[in-house]
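Each reported figure results from applying straightforward, stated rules to the coordinates on display, with no laboratory input. Computed from a prediction, not measured in an experiment: that's the story for all the values here. Note that each Cβ is placed from the backbone with ideal geometry, even for glycine, and that neighbours are counted across all protein chains shown.
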Amino acid sequence: MNLSKTPSAGNVKRAPLLDLKFEEKDDPQNPGDGIWMIPSYGNMGVVETEQGLVVVDVPMGPFIAKTIKRLHNTFGAPVHTIFLTHGHADHAFCLNPLFEYNEKQGGPPPRVIAQRNILKRFNRYRMLQGFNDHINREQFAVPEGISAFPLPDRNPDITFDGNLSTRVGGIDFHAYHAEGETDDHLWVWVPEKKAVFSGDLLIWTFPNVGNPFKVQRYTLEWAEGLEAIVAKQPEILIPGHGPVLQGRDRIRKICLTVSSALRYLHDEVVKRLNAGMGYEDILHDIEFLPEWSQKDYLVPRYGCPTFVIHGILRQYTGWYDGNPSNLFAPKKSEIAREVTGLVGAEKMAVHAHQLQSEGRAQMALQFTDMALAAEPEPALRRSLHRLKAELLGSLGDRESSFIARNIYYTGYNREIRLADADPEND
Ligand SMILES: [Zn+2]
């Protein structure tokens, strides 16, 4: 058969680094009296008090040394308290450098405060480090040879359920549990400064609920968290990622626009569930609002609305799709082998190419997989791996979501390797 044009062998596709309006190059910012943000991946919030600094979150390993240097140069004061907005690597894994910093400042060790669920999360990370290394390598396009998942370097000292209030150097701090990106998420309110530290409730992209690799995240609760922030009428918002927000009206507008996008998807799914619709029908039935791609803080540059729908469905339903044929179904590859056996792998491959030429890449992928499941002869197998690479590569090139693009590119690289590994003349 006519082999399609092939991507050049050994050509590896890799997405550029994730851009969550990352401003690590910028100097520490001082949006209010004693309120600071040290931009990094993720941001560190700082409040100056007479008893020392109160810090919200610590950035990832590769960025921590620079952040500590900025802390030293800007304040030269010890850290009294660290709040962790949630137990992700870019917010909570690098605490020891702050303890060492305090030692150099001649201060006592800081205390570390987090929501109680962080302890279970850290235990899970320790149990599943290998798994997390695999999935984060794919999600973040981490090259081989570099650890894709370091472990948290210590547990917090103080954990709480619900709310926690504390006073440091005459300033009140209130931490509120609000599930969103994680079940251990919190945000911090400093009423005297009218400042809020939102963590990843605001991340300058469409909220990353329904991440294809990760455990449950929380759509309605995320929206409620943003609305609770707005109810405090903050004048300053330090986000987990991206630039500082200032001005009550601007903060209100951005938080409520994000929460309304989440509520829209949530309510559309719930409406269909209550009407008796199944998972797949719901997934393909909900329309997205065009305004989402026009707002810089909602562009699906990390996750995307389709993932959010998966997240909501997974939160409220089980895995059964309503068709008893699928209750104890054979493997998909076995079904595909049966189907392809009837039709012939070559015919399936021709149709896959036809679908590709019609611009129906997703359907073309399904036929490519079915043809491959039948383990056809080597020349056809090679051409199918190359076709699949082409399809995945072009989908990745057009994809705005960093996570989806990395999944496509990882698949592209794998298919190129498989095509090249197949012996040419057997
Ligand atoms: Zn984050």
field: Label-point separation in nm, Arg116 to Gln246, each point 7 Å along Cα→Cβ
entry: 4.0 nm
field: GNM top mover of Arg398, Arg248, Arg272 - the chain, alpha-carbon springs below 10 Å
entry: Arg398
message: Among Asp184, Asp267, Asp33, which one shows the highest mean-square fluctuation when the chain is modelled as a Gaussian network with alpha-carbon springs under 10 Å?
response: Asp33
- prompt: Contour minus end-to-end for Glu100 and Gln233, with contour as 0.36 nm per residue of separation and end-to-end as the Cα-Cα distance?
  reply: 44.2 nm
message: Please list, by residue number, every one of the chymotrypsin sites (Phe, Trp or Tyr not before Pro) in segment 299-337 that is coil in DSSP and has at most 10 other beta-carbon atoms within 10 Å.
response: Trp319, Phe328
message: Which aspartates and glutamates, if any, have their Cα less than 17 Å from the Cα of Lys13, not counting same-chain residues under 8 positions apart?
response: Glu138, Glu144, Glu390, Asp397, Glu399, Glu415, Asp420
message: For Arg111, what residues show an amide H to amide H distance below 5 Å, using hydrogens built from the backbone and excluding near sequence neighbours?
response: Thr81, Ile82
- prompt: Mind listing the Cα extents of segment 108-211 along all three principal axes, in Å, largest one first?
  reply: 49, 35, 23
statement: When the chain is treated as a Gaussian network with springs between alpha carbons less than 10 Å apart, the largest mean-square fluctuation among Ile229, Ile171, Ile82 is found at Ile171
message: Suppose we look only past 33 Å in the calculated P(r) of the chain. What percent of the Cα-Cα pairs does that tail hold?
response: 42 percent
message: Straight-line reach only, C-alpha to C-alpha below 20 angstrom: list the lysines that Lys104 could link to, leaving out same-chain residues fewer than 8 apart.
response: Lys66, Lys69
Cα pair distances exceeding 22 angstrom across segment 29-263, given as percent: 49 percent
query: Which value in Å is the Kirkwood Rh of segment 319-426 over different Cα pairs?
result: 14.8 Å
task: Mind scanning Lys232/Lys295; Lys194/Lys214; Lys331/Lys388 and naming the pairs with a C-alpha gap bigger than 28 Å?
output: Lys194/Lys214
- prompt: Over segment 324-421, what is the relative contact order in whole percent, taking alpha-carbon pairs under 8 Å and six or more residues apart?
  reply: 24 percent
